[in-house]
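For reference, the structure is listed below as structure tokens.
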Ligand SMILES: O=C(O)CCC(=O)C(=O)O
Ligand SMILES: [Fe+2]
């Protein structure tokens, strides 16, 4: 009989010291420059402002290919001062796939639109690093978020690059997490205020999912650290203590400032992010002011 060994635990060490070997400098000449619109990179890992595009106008296939290329390259695209309706937003997002209809959140101008309406009565609760609906069998490829009403000087959203977060993990951690899965669930957040009957029905529709901790981006082929604080509850196949320790370490990677960008919204802005390669965090610093956002989510692949 073997004597139980000391569980392996992880300390969070900021990887900033290794950053010079990781992300590229802003504006590196290797970066994609489209022909049909202008892009201005925002940070070394991710983010770019797109100008000279009107999202209320139809997009032809070659334009969509260029936007997709920019999305893969920059991971979050920002389109300023757009005058779009919920139907324009849905049409634009529809070039990338089918829409999600979020099971738990309020709807906006059409069924594809999820509305986040905050006020003195409803505080912002999206201030947790996450990848949208990772508890789906097929989580979102991306999200198109439209700023409807933005408080003065507050209510920023941050994004973080989980491909760089993976690249800069120590080799022994990469070895440990390779081939493993984690449990993704919604019950501890959307489920808490639900009656038992509804919970049972939703549980049938949205069972607990197990996704790889490291997924491969289906288009770029890059490995991505696919573990988030909002929906991941444990690392599969480990003791509770080891799982908790490793999970704490992995979700902390999203918090490294060097991997992030932060966007100061103006009403009319639209952000389109790659939900496979990034996580985001909506800063909840504006209560009791009103803040309204509308999102169209695009269904993606089964993570593998
Ligand atoms: O309100 C925001 O800035 C982002 C909310 C969010 O998490 C989302 O749209 O997926
Ligand atoms: Fe989100």
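If the viscosity is 1.567 mPa s and the temperature 4 °C, what translational diffusion coefficient in µm²/s does Stokes-Einstein give for the range 31-299 when Rh comes from Kirkwood over Cα pairs? Estimated diffusion coefficient is 68 µm²/s. Using the alpha-carbon positions of the range 99-172, Rg (one decimal) and Dmax (whole number) come out as 15.4, 48 Å.
Here the gap between residue 198 and residue 173, fully extended at 0.36 nm per residue and compared with their Cα-Cα distance, gives a gain of 5.0 nm. Against the chain, whose longest principal axis comes from its Cα atoms, helix 196-205 is set at around 80 degrees. The smallest convex shape that holds all Cα atoms of the range 129-202, its convex hull, gives 179 Å³ per residue. Helix 61-74 and the long axis of the chain differ in direction by around 40°, with both axes built from C-alpha atoms.
The Kirkwood radius of the range 185-304, taken over pairs of alpha-carbon atoms, gives through the Stokes-Einstein law at 20 °C and 1.002 mPa s a diffusion coefficient of 124 µm² s⁻¹.
For the chain, the longest principal axis of the C-alpha atoms and the axis of helix 240-252 are separated by about 30°.
Just so you know, all these numbers are worked out from the coordinates, no wet-lab data involved. These numbers were taken from a predicted model, which means no experiment stands behind them.
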